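The values are calculated or read from the model by the stated rules, or taken from the named source; none is laboratory data. Just so it is clear, the model here is predicted, and its values are computed rather than measured. Using ideal geometry, Cβ is built from the backbone for each residue, glycine included, and neighbour counts are taken over all protein chains shown. To get the accessible areas, we keep the full protein, side chains included, count just its heavy atoms, and leave off ligands, DNA and RNA. Shrake-Rupley method; radii C 1.70, N 1.55, O 1.52, S 1.80 Å.
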Amino acid sequence: MTFRSKSTSLALAALTVLAARPSVAQERDGSPFAAGGTAVLAAYSGAVLGLLGGVTPCAQVTAPATCSRVWVMSGGAVAGVSGLFVGSGDSEAAGRIGTSAAIGFGIGAATGAVLKPLVHHFGWPDVLALGLVGGAIGAAPRGAGLGLGAGVVVGSAAWALIPGVAFDDAVAISLMGLAVGGLSEWVIRAADARTGPSATVPLASLRF
Amino acid sequence: MISSRLPLSALLACVSTVACAAGFTMKDDIAGRECASLLAARDGSIQWVVPSSDERALDRWCAAVGEPVIRQSRTRSAKSPRGNDSIRIVSWNVSLGGGEVVPLLEELGVSCTGTDRDQRDVVLLAQEAVRRSDALPWMNGNVRHQRRLDGHPVRSPQMDILDAADRCDLHLVYVPGSRNGGEQDGPPEDVGNAILSTLPLSDPFAVEMPKEASRRVAAGATIRGHGGEGIRVVSVHFNTWPGPWKLLRTGNSSRVRQALALIEALEVVARGSEHQIPIVAGGDLNTWSVSEGALKQLRAYFSSSPEWHGQPTRKSFPTDHLLLRLPSGGASLSADLALVDYGRLDETFNSDHHPVTAWMTWTAVYD
(Lines give C-alpha, C1' and ligand atoms only; values in the text may rest on other atoms or scores of the structure.)
Protein backbone atom coordinates (compact mmCIF):
# COMPACT_ATOMS: atom_id res chain seq x y z
CA MET A 1 0.00 0.00 0.00
CA THR A 2 1.41 3.33 -0.97
CA PHE A 3 0.16 4.74 2.28
CA ARG A 4 2.86 2.92 4.16
CA SER A 5 5.58 5.18 2.73
CA LYS A 6 3.35 8.17 3.45
CA SER A 7 2.95 6.98 6.98
CA THR A 8 6.69 6.78 7.42
CA SER A 9 7.02 10.34 6.17
CA LEU A 10 4.26 11.50 8.49
CA ALA A 11 5.88 9.80 11.44
CA LEU A 12 9.24 11.30 10.59
CA ALA A 13 7.74 14.73 10.10
CA ALA A 14 5.93 14.52 13.41
CA LEU A 15 9.08 13.52 15.17
CA THR A 16 11.33 16.22 13.80
CA VAL A 17 9.73 18.49 16.38
CA LEU A 18 10.67 16.22 19.22
CA ALA A 19 13.90 17.97 19.99
CA ALA A 20 14.00 16.87 23.57
CA ARG A 21 17.38 17.89 24.89
CA PRO A 22 19.27 16.79 27.89
CA SER A 23 17.97 18.99 30.64
CA VAL A 24 20.83 18.59 33.00
CA ALA A 25 24.33 19.87 32.73
CA GLN A 26 26.72 17.18 31.61
CA GLU A 27 30.24 16.46 32.60
CA ARG A 28 32.20 16.57 29.37
CA ASP A 29 34.92 14.15 30.36
CA GLY A 30 33.94 10.85 28.86
CA SER A 31 36.09 7.74 29.10
CA PRO A 32 36.46 4.69 26.83
CA PHE A 33 34.67 2.65 29.49
CA ALA A 34 31.76 5.10 29.65
CA ALA A 35 31.63 5.31 25.87
CA GLY A 36 31.54 1.52 25.55
CA GLY A 37 28.89 1.09 28.23
CA THR A 38 26.66 3.77 26.79
CA ALA A 39 27.11 2.39 23.30
CA VAL A 40 26.14 -1.12 24.41
CA LEU A 41 23.04 0.23 26.08
CA ALA A 42 22.24 2.33 23.04
CA ALA A 43 22.78 -0.54 20.60
CA TYR A 44 20.40 -2.74 22.58
CA SER A 45 17.83 0.05 22.89
CA GLY A 46 18.03 0.93 19.21
CA ALA A 47 17.88 -2.69 18.11
CA VAL A 48 14.69 -3.38 20.06
CA LEU A 49 13.15 -0.07 18.99
CA GLY A 50 14.03 -0.93 15.40
CA LEU A 51 12.40 -4.32 15.77
CA LEU A 52 9.21 -2.73 17.13
CA GLY A 53 9.18 -0.16 14.33
CA GLY A 54 9.43 -2.92 11.76
CA VAL A 55 6.76 -5.19 13.19
CA THR A 56 3.96 -4.14 10.87
CA PRO A 57 5.94 -3.35 7.71
CA CYS A 58 7.78 -6.65 8.02
CA ALA A 59 4.50 -8.53 8.33
CA GLN A 60 3.80 -7.49 4.74
CA VAL A 61 6.77 -9.31 3.23
CA THR A 62 7.30 -12.99 2.64
CA ALA A 63 10.52 -13.07 4.70
CA PRO A 64 9.63 -11.11 7.83
CA ALA A 65 12.54 -12.43 9.88
CA THR A 66 15.07 -11.08 7.38
CA CYS A 67 13.19 -7.81 7.20
CA SER A 68 13.16 -7.56 11.00
CA ARG A 69 16.90 -8.16 11.13
CA VAL A 70 17.42 -5.18 8.82
CA TRP A 71 15.34 -2.98 11.15
CA VAL A 72 17.21 -4.35 14.17
CA MET A 73 20.58 -3.72 12.54
CA SER A 74 19.61 -0.23 11.43
CA GLY A 75 18.17 0.79 14.78
CA GLY A 76 21.04 -0.77 16.68
CA ALA A 77 23.68 0.85 14.48
CA VAL A 78 22.15 4.33 14.64
CA ALA A 79 21.70 4.20 18.39
CA GLY A 80 24.99 2.40 19.02
CA VAL A 81 27.07 5.02 17.20
CA SER A 82 25.10 7.74 18.95
CA GLY A 83 25.75 6.03 22.27
CA LEU A 84 29.49 6.08 21.59
CA PHE A 85 29.40 9.84 21.19
CA VAL A 86 27.18 10.27 24.22
CA GLY A 87 29.47 8.17 26.42
CA SER A 88 32.59 9.82 25.03
CA GLY A 89 31.35 13.23 26.06
CA ASP A 90 29.67 12.38 29.32
CA SER A 91 31.13 9.87 31.73
CA GLU A 92 27.90 9.73 33.73
CA ALA A 93 25.67 9.06 30.78
CA ALA A 94 25.89 5.28 31.05
CA GLY A 95 24.84 5.27 34.68
CA ARG A 96 22.03 7.74 34.16
CA ILE A 97 20.62 6.04 31.08
CA GLY A 98 21.20 2.61 32.60
CA THR A 99 19.09 3.57 35.60
CA SER A 100 16.34 4.75 33.31
CA ALA A 101 16.56 1.51 31.30
CA ALA A 102 16.42 -0.53 34.51
CA ILE A 103 13.26 1.28 35.54
CA GLY A 104 11.83 0.57 32.08
CA PHE A 105 12.81 -3.07 32.42
CA GLY A 106 11.07 -3.26 35.78
CA ILE A 107 7.89 -1.70 34.42
CA GLY A 108 7.90 -4.00 31.40
CA ALA A 109 8.57 -7.12 33.43
CA ALA A 110 5.94 -6.17 36.00
CA THR A 111 3.42 -5.68 33.20
CA GLY A 112 4.34 -9.13 31.90
CA ALA A 113 3.98 -10.66 35.34
CA VAL A 114 0.50 -9.17 35.63
CA LEU A 115 -0.43 -10.42 32.17
CA LYS A 116 0.99 -13.91 32.66
CA PRO A 117 -1.98 -15.44 34.47
CA LEU A 118 -4.41 -13.63 32.16
CA VAL A 119 -2.97 -14.58 28.78
CA HIS A 120 -3.05 -18.31 28.29
CA HIS A 121 0.05 -18.63 26.15
CA PHE A 122 2.23 -16.31 28.25
CA GLY A 123 5.24 -17.85 29.93
CA TRP A 124 8.20 -16.51 31.89
CA PRO A 125 10.18 -15.89 28.67
CA ASP A 126 7.37 -13.53 27.64
CA VAL A 127 7.71 -11.69 30.96
CA LEU A 128 11.43 -11.35 30.26
CA ALA A 129 10.72 -10.17 26.71
CA LEU A 130 8.40 -7.44 27.94
CA GLY A 131 11.10 -6.45 30.40
CA LEU A 132 13.60 -6.19 27.55
CA VAL A 133 11.20 -4.06 25.55
CA GLY A 134 10.58 -1.88 28.60
CA GLY A 135 14.32 -1.50 29.11
CA ALA A 136 14.86 -0.46 25.50
CA ILE A 137 12.14 2.16 25.76
CA GLY A 138 13.34 3.19 29.20
CA ALA A 139 16.76 3.99 27.75
CA ALA A 140 15.19 6.62 25.50
CA PRO A 141 11.92 7.38 27.27
CA ARG A 142 11.17 10.92 26.17
CA GLY A 143 11.63 10.36 22.47
CA ALA A 144 9.92 6.98 22.51
CA GLY A 145 6.99 8.29 24.54
CA LEU A 146 6.49 11.39 22.45
CA GLY A 147 7.00 9.43 19.25
CA LEU A 148 4.46 6.85 20.28
CA GLY A 149 2.00 9.56 21.28
CA ALA A 150 2.43 11.37 18.00
CA GLY A 151 2.18 8.09 16.11
CA VAL A 152 -1.02 7.11 17.85
CA VAL A 153 -2.60 10.51 17.14
CA VAL A 154 -1.52 10.60 13.51
CA GLY A 155 -2.30 6.92 12.94
CA SER A 156 -5.74 7.13 14.54
CA ALA A 157 -6.61 10.27 12.60
CA ALA A 158 -5.46 8.72 9.35
CA TRP A 159 -7.44 5.55 10.07
CA ALA A 160 -10.54 7.54 10.86
CA LEU A 161 -10.30 10.10 8.08
CA ILE A 162 -8.50 8.63 5.11
CA PRO A 163 -10.27 5.94 3.11
CA GLY A 164 -8.00 3.02 2.44
CA VAL A 165 -6.02 3.40 5.64
CA ALA A 166 -6.54 0.23 7.62
CA PHE A 167 -6.09 -0.52 11.30
CA ASP A 168 -2.73 -2.15 10.67
CA ASP A 169 -1.57 1.09 9.06
CA ALA A 170 -2.51 2.95 12.24
CA VAL A 171 -0.59 0.41 14.32
CA ALA A 172 2.36 0.72 11.93
CA ILE A 173 2.39 4.50 12.29
CA SER A 174 2.21 4.26 16.08
CA LEU A 175 5.06 1.77 16.34
CA MET A 176 7.15 3.68 13.83
CA GLY A 177 6.56 6.77 15.91
CA LEU A 178 7.86 4.89 18.93
CA ALA A 179 10.95 3.73 17.07
CA VAL A 180 11.73 7.00 15.33
CA GLY A 181 11.13 8.94 18.53
CA GLY A 182 13.43 6.72 20.57
CA LEU A 183 16.15 6.75 17.95
CA SER A 184 15.80 10.52 17.57
CA GLU A 185 16.49 10.90 21.27
CA TRP A 186 19.73 8.95 20.88
CA VAL A 187 20.80 11.03 17.88
CA ILE A 188 19.95 14.29 19.64
CA ARG A 189 21.85 13.18 22.73
CA ALA A 190 24.86 12.42 20.54
CA ALA A 191 24.65 15.79 18.81
CA ASP A 192 24.40 17.56 22.13
CA ALA A 193 27.33 15.57 23.48
CA ARG A 194 29.50 16.70 20.56
CA THR A 195 28.42 20.31 20.35
CA GLY A 196 26.87 21.11 23.69
CA PRO A 197 23.18 21.55 24.28
CA SER A 198 21.49 23.14 21.29
CA ALA A 199 19.86 26.51 21.49
CA THR A 200 16.56 25.34 20.09
CA VAL A 201 13.63 25.47 22.40
CA PRO A 202 12.04 22.06 22.80
CA LEU A 203 8.35 21.99 21.93
CA ALA A 204 7.73 19.38 24.54
CA SER A 205 9.59 17.82 27.38
CA LEU A 206 8.70 14.91 29.58
CA ARG A 207 10.50 13.68 32.64
CA PHE A 208 10.45 10.08 33.75
CA MET B 1 39.24 -0.38 20.98
CA ILE B 2 37.21 -1.91 23.74
CA SER B 3 34.63 0.81 23.40
CA SER B 4 34.09 0.18 19.69
CA ARG B 5 33.94 -3.61 20.02
CA LEU B 6 31.41 -3.65 22.81
CA PRO B 7 28.54 -1.99 20.95
CA LEU B 8 29.22 -4.16 17.91
CA SER B 9 29.01 -7.25 20.13
CA ALA B 10 25.79 -5.96 21.69
CA LEU B 11 24.31 -5.32 18.27
CA LEU B 12 25.30 -8.75 17.00
CA ALA B 13 23.78 -10.31 20.11
CA CYS B 14 20.50 -8.49 19.44
CA VAL B 15 20.49 -9.48 15.77
CA SER B 16 21.31 -13.10 16.52
CA THR B 17 18.47 -13.21 19.04
CA VAL B 18 16.08 -12.23 16.27
CA ALA B 19 17.86 -14.37 13.72
CA CYS B 20 18.02 -17.50 15.81
CA ALA B 21 14.34 -18.42 15.96
CA ALA B 22 14.03 -22.18 15.90
CA GLY B 23 13.79 -23.47 12.36
CA PHE B 24 11.64 -26.49 11.64
CA THR B 25 10.71 -29.02 9.04
CA MET B 26 7.38 -30.80 8.75
CA LYS B 27 7.42 -34.58 9.04
CA ASP B 28 4.87 -37.36 9.25
CA ASP B 29 6.82 -39.10 11.98
CA ILE B 30 5.52 -38.79 15.54
CA ALA B 31 8.31 -40.78 17.16
CA GLY B 32 9.23 -39.18 20.44
CA ARG B 33 5.88 -37.53 20.91
CA GLU B 34 3.93 -38.53 23.98
CA CYS B 35 0.42 -37.18 23.88
CA ALA B 36 -2.46 -39.60 23.49
CA SER B 37 -4.23 -37.52 20.86
CA LEU B 38 -1.27 -37.98 18.55
CA LEU B 39 -0.86 -41.65 19.33
CA ALA B 40 -4.23 -42.28 17.68
CA ALA B 41 -2.22 -42.02 14.47
CA ARG B 42 -0.52 -45.29 15.22
CA ASP B 43 -3.54 -47.27 14.07
CA GLY B 44 -3.40 -45.47 10.73
CA SER B 45 -6.77 -43.79 11.17
CA ILE B 46 -5.29 -40.35 10.61
CA GLN B 47 -2.00 -39.10 9.19
CA TRP B 48 -0.21 -36.62 11.43
CA VAL B 49 2.23 -34.10 10.06
CA VAL B 50 4.11 -32.36 12.85
CA PRO B 51 6.90 -29.80 13.14
CA SER B 52 10.37 -30.86 14.16
CA SER B 53 10.58 -28.11 16.81
CA ASP B 54 8.90 -27.31 20.11
CA GLU B 55 7.79 -30.93 20.65
CA ARG B 56 7.71 -30.72 24.44
CA ALA B 57 5.76 -27.48 24.49
CA LEU B 58 3.30 -28.86 21.96
CA ASP B 59 2.92 -32.08 23.96
CA ARG B 60 1.93 -30.07 27.04
CA TRP B 61 -0.95 -28.51 25.08
CA CYS B 62 -1.75 -31.73 23.28
CA ALA B 63 -2.02 -33.70 26.53
CA ALA B 64 -5.15 -31.76 27.48
CA VAL B 65 -7.21 -32.56 24.39
CA GLY B 66 -9.11 -35.62 23.28
CA GLU B 67 -8.52 -37.73 20.21
CA PRO B 68 -9.52 -36.62 16.72
CA VAL B 69 -12.94 -37.73 15.51
CA ILE B 70 -13.57 -39.24 12.10
CA ARG B 71 -17.19 -40.16 11.38
CA GLN B 72 -18.99 -41.28 8.29
CA SER B 73 -22.55 -40.30 7.52
CA ARG B 74 -25.14 -43.03 8.04
CA THR B 75 -27.18 -42.12 4.98
CA ARG B 76 -24.95 -40.23 2.59
CA SER B 77 -22.78 -42.61 0.61
CA ALA B 78 -19.96 -42.13 -1.85
CA LYS B 79 -20.92 -40.94 -5.28
CA SER B 80 -18.99 -39.93 -8.32
CA PRO B 81 -19.30 -36.31 -9.25
CA ARG B 82 -20.61 -35.80 -12.76
CA GLY B 83 -19.74 -33.07 -15.19
CA ASN B 84 -21.32 -29.77 -14.15
CA ASP B 85 -22.15 -31.08 -10.67
CA SER B 86 -21.59 -28.25 -8.29
CA ILE B 87 -20.01 -28.18 -4.88
CA ARG B 88 -19.96 -25.35 -2.41
CA ILE B 89 -16.96 -25.10 -0.12
CA VAL B 90 -17.37 -22.82 2.86
CA SER B 91 -14.81 -21.63 5.39
CA TRP B 92 -16.17 -20.27 8.63
CA ASN B 93 -14.93 -19.52 12.12
CA VAL B 94 -17.83 -20.80 14.21
CA SER B 95 -16.78 -18.74 17.23
CA LEU B 96 -16.32 -21.50 19.78
CA GLY B 97 -19.62 -23.11 18.97
CA GLY B 98 -21.53 -19.83 19.08
CA GLY B 99 -22.10 -19.78 15.32
CA GLU B 100 -25.33 -21.40 14.15
CA VAL B 101 -23.95 -24.24 12.09
CA VAL B 102 -27.19 -26.03 11.25
CA PRO B 103 -29.03 -22.93 9.96
CA LEU B 104 -25.98 -22.09 7.81
CA LEU B 105 -25.89 -25.60 6.36
CA GLU B 106 -29.60 -25.46 5.61
CA GLU B 107 -29.17 -22.07 3.99
CA LEU B 108 -26.51 -23.60 1.75
CA GLY B 109 -28.86 -26.35 0.64
CA VAL B 110 -28.01 -29.21 3.00
CA SER B 111 -30.96 -31.23 4.19
CA CYS B 112 -30.80 -31.60 7.94
CA THR B 113 -34.33 -32.95 8.35
CA GLY B 114 -33.74 -36.35 6.80
CA THR B 115 -36.74 -35.98 4.52
CA ASP B 116 -35.43 -33.82 1.69
CA ARG B 117 -32.50 -34.37 -0.64
CA ASP B 118 -29.55 -32.03 -0.55
CA GLN B 119 -29.83 -29.30 -3.13
CA ARG B 120 -26.09 -29.39 -3.64
CA ASP B 121 -22.96 -30.85 -2.15
CA VAL B 122 -21.46 -28.78 0.62
CA VAL B 123 -18.15 -28.93 2.47
CA LEU B 124 -17.83 -26.76 5.58
CA LEU B 125 -14.31 -26.00 6.78
CA ALA B 126 -14.89 -24.90 10.37
CA GLN B 127 -12.52 -23.22 12.79
CA GLU B 128 -12.96 -22.75 16.55
CA ALA B 129 -15.21 -25.79 16.59
CA VAL B 130 -15.94 -27.06 20.08
CA ARG B 131 -16.29 -30.67 21.23
CA ARG B 132 -17.69 -31.37 24.69
CA SER B 133 -16.91 -34.70 26.26
CA ASP B 134 -16.43 -36.25 29.67
CA ALA B 135 -13.84 -38.49 28.05
CA LEU B 136 -11.33 -35.67 27.69
CA PRO B 137 -8.16 -36.27 29.69
CA TRP B 138 -7.88 -35.14 33.29
CA MET B 139 -5.47 -32.22 33.39
CA ASN B 140 -2.59 -32.30 35.82
CA GLY B 141 -0.50 -29.24 36.60
CA ASN B 142 1.94 -29.70 33.76
CA VAL B 143 -0.45 -29.42 30.84
CA ARG B 144 -1.45 -26.19 29.12
CA HIS B 145 -4.85 -24.95 28.13
CA GLN B 146 -6.34 -21.73 26.93
CA ARG B 147 -8.45 -19.58 29.19
CA ARG B 148 -12.10 -20.57 28.93
CA LEU B 149 -13.63 -18.63 26.07
CA ASP B 150 -17.35 -18.75 25.53
CA GLY B 151 -17.78 -17.69 21.97
CA HIS B 152 -19.50 -14.73 20.52
CA PRO B 153 -22.02 -13.71 21.50
CA VAL B 154 -22.27 -15.52 24.80
CA ARG B 155 -26.06 -15.56 24.63
CA SER B 156 -26.02 -18.09 21.84
CA PRO B 157 -26.43 -21.72 22.81
CA GLN B 158 -23.09 -23.19 21.93
CA MET B 159 -23.21 -26.10 19.55
CA ASP B 160 -20.90 -29.06 19.85
CA ILE B 161 -19.50 -29.70 16.36
CA LEU B 162 -20.15 -33.43 16.71
CA ASP B 163 -23.80 -32.71 17.49
CA ALA B 164 -24.04 -30.43 14.45
CA ALA B 165 -22.65 -33.17 12.21
CA ASP B 166 -25.09 -35.65 13.77
CA ARG B 167 -28.06 -33.34 13.33
CA CYS B 168 -27.43 -33.13 9.59
CA ASP B 169 -25.91 -36.61 9.32
CA LEU B 170 -22.73 -35.35 7.69
CA HIS B 171 -19.32 -36.86 7.25
CA LEU B 172 -16.97 -35.36 9.82
CA VAL B 173 -13.30 -34.91 10.60
CA TYR B 174 -12.57 -33.02 13.81
CA VAL B 175 -9.07 -32.37 15.15
CA PRO B 176 -8.71 -30.52 18.47
CA GLY B 177 -5.88 -28.07 19.03
CA SER B 178 -6.25 -27.02 22.64
CA ARG B 179 -8.41 -27.44 25.70
CA ASN B 180 -10.91 -24.64 26.27
CA GLY B 181 -10.68 -23.85 29.98
CA GLY B 182 -9.39 -25.69 33.00
CA GLU B 183 -10.92 -28.40 35.16
CA GLN B 184 -12.86 -25.88 37.21
CA ASP B 185 -14.36 -24.06 34.23
CA GLY B 186 -17.39 -26.18 33.52
CA PRO B 187 -17.96 -29.17 31.26
CA PRO B 188 -14.72 -30.37 29.68
CA GLU B 189 -14.34 -29.18 26.09
CA ASP B 190 -11.64 -28.81 23.51
CA VAL B 191 -11.49 -26.57 20.49
CA GLY B 192 -10.12 -27.18 17.03
CA ASN B 193 -10.74 -27.37 13.31
CA ALA B 194 -13.34 -29.52 11.57
CA ILE B 195 -14.61 -30.55 8.18
CA LEU B 196 -18.30 -31.34 7.71
CA SER B 197 -19.26 -32.69 4.32
CA THR B 198 -22.16 -34.17 2.38
CA LEU B 199 -19.53 -36.08 0.38
CA PRO B 200 -17.46 -38.85 1.99
CA LEU B 201 -14.15 -37.86 3.54
CA SER B 202 -11.19 -40.20 3.18
CA ASP B 203 -7.48 -40.12 4.02
CA PRO B 204 -7.87 -37.75 6.97
CA PHE B 205 -4.78 -35.88 8.08
CA ALA B 206 -3.84 -33.38 10.74
CA VAL B 207 -1.17 -30.69 10.51
CA GLU B 208 0.20 -29.53 13.83
CA MET B 209 1.42 -25.96 13.37
CA PRO B 210 4.74 -24.81 14.81
CA LYS B 211 4.01 -23.40 18.23
CA GLU B 212 3.65 -19.64 18.11
CA ALA B 213 1.07 -19.12 20.86
CA SER B 214 -1.71 -21.58 21.68
CA ARG B 215 -1.53 -24.91 19.82
CA ARG B 216 -3.20 -24.99 16.41
CA VAL B 217 -3.85 -28.08 14.29
CA ALA B 218 -5.25 -28.03 10.76
CA ALA B 219 -7.74 -30.73 9.81
CA GLY B 220 -7.62 -32.22 6.32
CA ALA B 221 -9.19 -34.97 4.23
CA THR B 222 -9.85 -36.01 0.66
CA ILE B 223 -13.23 -36.01 -1.00
CA ARG B 224 -13.10 -38.93 -3.37
CA GLY B 225 -15.54 -40.39 -5.84
CA HIS B 226 -15.67 -43.91 -7.29
CA GLY B 227 -13.40 -43.06 -10.18
CA GLY B 228 -10.50 -41.97 -8.02
CA GLU B 229 -10.98 -38.29 -8.63
CA GLY B 230 -10.91 -36.11 -5.64
CA ILE B 231 -10.26 -32.84 -3.88
CA ARG B 232 -8.05 -32.44 -0.84
CA VAL B 233 -9.56 -30.00 1.62
CA VAL B 234 -8.01 -28.53 4.74
CA SER B 235 -9.40 -26.32 7.50
CA VAL B 236 -6.81 -24.11 9.15
CA HIS B 237 -6.62 -21.48 11.86
CA PHE B 238 -3.51 -19.36 12.39
CA ASN B 239 -2.58 -17.58 15.61
CA THR B 240 -3.46 -13.93 16.05
CA TRP B 241 -0.46 -12.77 18.10
CA PRO B 242 2.61 -14.62 19.23
CA GLY B 243 3.83 -13.99 22.74
CA PRO B 244 6.42 -11.19 23.12
CA TRP B 245 9.28 -13.68 23.41
CA LYS B 246 8.26 -15.41 20.19
CA LEU B 247 7.83 -12.05 18.52
CA LEU B 248 11.38 -11.08 19.43
CA ARG B 249 12.77 -14.45 18.44
CA THR B 250 10.98 -14.81 15.11
CA GLY B 251 10.90 -11.17 14.09
CA ASN B 252 7.10 -11.27 13.99
CA SER B 253 7.01 -14.07 11.42
CA SER B 254 4.52 -16.31 13.22
CA ARG B 255 1.87 -16.47 10.54
CA VAL B 256 4.44 -16.80 7.77
CA ARG B 257 5.95 -19.73 9.68
CA GLN B 258 2.51 -21.29 9.96
CA ALA B 259 1.82 -20.70 6.27
CA LEU B 260 5.11 -22.34 5.32
CA ALA B 261 4.35 -25.23 7.69
CA LEU B 262 0.99 -25.79 6.02
CA ILE B 263 2.52 -25.75 2.54
CA GLU B 264 5.28 -28.15 3.52
CA ALA B 265 2.79 -30.43 5.28
CA LEU B 266 0.57 -30.56 2.20
CA GLU B 267 3.61 -31.66 0.21
CA VAL B 268 4.27 -34.39 2.78
CA VAL B 269 0.66 -35.55 2.48
CA ALA B 270 0.81 -35.45 -1.31
CA ARG B 271 3.88 -37.71 -1.28
CA GLY B 272 1.64 -40.57 -0.26
CA SER B 273 -0.78 -39.95 -3.09
CA GLU B 274 -0.59 -41.52 -6.50
CA HIS B 275 -2.02 -38.54 -8.32
CA GLN B 276 -2.01 -34.83 -8.00
CA ILE B 277 -5.39 -33.58 -7.00
CA PRO B 278 -6.83 -30.13 -6.44
CA ILE B 279 -6.39 -28.70 -2.96
CA VAL B 280 -8.76 -26.26 -1.31
CA ALA B 281 -7.60 -24.66 1.94
CA GLY B 282 -9.94 -22.52 3.93
CA GLY B 283 -9.52 -20.85 7.20
CA ASP B 284 -9.26 -18.02 9.62
CA LEU B 285 -5.73 -16.85 8.88
CA ASN B 286 -6.06 -13.89 11.26
CA THR B 287 -4.57 -11.62 8.63
CA TRP B 288 -4.80 -7.91 9.33
CA SER B 289 -4.55 -7.03 5.66
CA VAL B 290 -4.61 -8.83 2.33
CA SER B 291 -1.01 -7.81 1.74
CA GLU B 292 0.33 -9.82 4.66
CA GLY B 293 3.36 -11.96 3.94
CA ALA B 294 1.63 -15.13 5.13
CA LEU B 295 -1.14 -14.66 2.61
CA LYS B 296 1.39 -13.90 -0.12
CA GLN B 297 3.19 -17.16 0.65
CA LEU B 298 -0.05 -19.12 0.56
CA ARG B 299 -1.27 -17.49 -2.63
CA ALA B 300 2.02 -18.35 -4.33
CA TYR B 301 1.41 -22.02 -3.52
CA PHE B 302 -2.35 -21.94 -4.03
CA SER B 303 -1.80 -20.30 -7.38
CA SER B 304 -5.35 -20.88 -8.66
CA SER B 305 -6.87 -18.88 -5.82
CA PRO B 306 -9.44 -16.27 -6.72
CA GLU B 307 -8.79 -12.63 -6.07
CA TRP B 308 -9.89 -11.32 -2.69
CA HIS B 309 -13.59 -10.50 -2.76
CA GLY B 310 -12.99 -7.10 -1.19
CA GLN B 311 -15.05 -7.44 1.98
CA PRO B 312 -13.75 -7.89 5.52
CA THR B 313 -14.89 -10.98 7.35
CA ARG B 314 -14.27 -10.04 10.99
CA LYS B 315 -14.96 -6.44 11.90
CA SER B 316 -12.75 -4.48 9.50
CA PHE B 317 -10.22 -7.28 9.02
CA PRO B 318 -9.88 -9.66 6.07
CA THR B 319 -9.17 -12.65 8.27
CA ASP B 320 -10.89 -15.50 6.42
CA HIS B 321 -9.86 -16.91 3.07
CA LEU B 322 -10.39 -19.79 0.67
CA LEU B 323 -7.39 -20.81 -1.40
CA LEU B 324 -7.27 -23.10 -4.41
CA ARG B 325 -4.49 -25.09 -5.98
CA LEU B 326 -5.21 -27.01 -9.17
CA PRO B 327 -2.73 -29.59 -10.42
CA SER B 328 -0.46 -28.36 -13.15
CA GLY B 329 0.21 -30.18 -16.40
CA GLY B 330 -3.16 -31.81 -16.92
CA ALA B 331 -5.32 -33.69 -14.56
CA SER B 332 -4.64 -37.33 -15.09
CA LEU B 333 -7.18 -39.23 -13.05
CA SER B 334 -7.94 -36.17 -11.02
CA ALA B 335 -10.97 -34.00 -10.95
CA ASP B 336 -10.94 -30.70 -12.75
CA LEU B 337 -12.70 -27.96 -10.93
CA ALA B 338 -13.89 -24.64 -12.20
CA LEU B 339 -14.53 -21.80 -9.83
CA VAL B 340 -17.89 -20.23 -10.50
CA ASP B 341 -18.20 -17.79 -7.65
CA TYR B 342 -16.29 -16.68 -4.57
CA GLY B 343 -17.39 -14.29 -1.89
CA ARG B 344 -18.51 -13.56 1.62
CA LEU B 345 -21.94 -14.30 3.00
CA ASP B 346 -23.50 -11.17 4.40
CA GLU B 347 -25.02 -12.95 7.38
CA THR B 348 -22.76 -14.06 10.24
CA PHE B 349 -25.11 -16.69 11.67
CA ASN B 350 -24.31 -15.49 15.17
CA SER B 351 -20.54 -15.83 14.80
CA ASP B 352 -18.11 -12.92 14.88
CA HIS B 353 -16.91 -13.99 11.43
CA HIS B 354 -18.65 -14.01 8.08
CA PRO B 355 -18.48 -17.30 6.20
CA VAL B 356 -16.59 -17.21 2.90
CA THR B 357 -17.80 -19.50 0.16
CA ALA B 358 -16.54 -20.84 -3.14
CA TRP B 359 -18.98 -22.35 -5.58
CA MET B 360 -17.28 -24.78 -7.93
CA THR B 361 -18.30 -27.18 -10.65
CA TRP B 362 -16.65 -30.35 -11.80
CA THR B 363 -15.61 -29.90 -15.40
CA ALA B 364 -14.14 -33.34 -15.98
CA VAL B 365 -15.17 -36.71 -14.66
CA TYR B 366 -13.17 -39.88 -14.96
CA ASP B 367 -14.89 -43.25 -14.57
* **Among B:Trp241, B:Trp61, B:Trp92, residue whose mean-square fluctuation peaks in a GNM of chain B (springs only between Cα atoms under 10 Å)** => B:Trp241
* Across chain B, where is the longest run that never hits GluC sites (Glu not before Pro) in a DSSP loop with at most 11 other C-beta atoms within 10 Å? -> B:1-273
* Taking trypsin sites (Lys or Arg not before Pro) that fall in a DSSP loop and have at most 16 other Cβ atoms within 10 Å as cut points, what is the longest piece of chain B between them? -> B:156-314
* Asked: In Å², what does the accessible area per residue of chain B work out to with a 1.4 Å probe?
  -> 39
* **GNM top mover of B:Val50, B:Val233, B:Val143 - chain B, alpha-carbon springs below 10 Å** => B:Val143
* To do: Could you order B:Trp288, A:Trp71, A:Trp159 so the one with the most accessible surface comes first? Probe is 1.4 Å.
  => A:Trp159, A:Trp71, B:Trp288
* To do: Obtain the nm distance between the two label points defined at A:Thr195 and B:Asn142 by a simple spin-label model: each point lies 7 Å from its Cα along the Cα-to-C-beta direction.
  => 6.3
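Net charge near B:Glu212: determine it from the other residues with C-beta under 13 Å of the C-beta of B:Glu212, scoring Lys and Arg +1 and Asp and Glu -1. If you can, show how the numbers build up before the last one.
Details: positive: B:Lys211, B:Arg215, B:Arg216, B:Lys246, B:Arg249, B:Arg255, B:Arg257; negative: A:Asp126, B:Asp54, B:Glu208.
Within the 13 Å Cβ shell, the charges total +4.
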* When Cβ neighbours within 10 Å are restricted to other protein chains, what is their mean count per residue of peptide A:121-129? -> 6
* Heavy-atom accessible surface that A and B bury in contact, both chains counted, 1.4 Å, Å² to 100 -> 3200
* To do: Calculate the mean, over all residues of peptide B:281-290, of how many other protein chain Cβ atoms lie within 10 angstrom of the residue's Cβ.
  => 2
* **Charge context of B:Arg314, other residues only, Cβ under 12 angstrom, K/R +1, D/E -1** => -2
* Please find, in a Gaussian network model of chain B (springs between Cα atoms separated by less than 10 Å), the residue of B:Ile30, B:Ile89, B:Ile195 whose mean-square fluctuation is greatest. => B:Ile30
* **Inter-chain Cβ neighbour average for residues B:294-300, partner chain, 10 Å** => 2
* Structure fact -> Ordering A:Ile107, A:Ile97, B:Ile70 by the accessible surface of their heavy atoms, 1.4 Å probe, largest first, yields A:Ile107, B:Ile70, A:Ile97
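Given the C-alpha atoms of the stretch B:95-248, compute the convex hull and give its volume per residue in Å³.
Working: hull volume 21.3 nm³, N = 154.
Convex hull volume per residue, Cα atoms: 138 Å³.
Ignoring ligands, DNA and RNA, what accessible area per residue does the stretch A:46-149 give at 1.4 Å, in Å²? Intermediate values should be presented prior to the final figure.
Working: 3610 Å² over 104 residues.
Accessible surface, normalised per residue, equals 35 Å².
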* Taking the Cβ of B:Lys246 as the center, what net charge do the other residues with Cβ under 14 Å away carry, scoring Lys and Arg +1 and Asp and Glu -1? -> +3
* Asked: Using alpha carbons only, how many degrees (0 to 90, rounded to 10) separate the axis of helix B:2-19 from the longest principal axis of chain B?
  -> 20
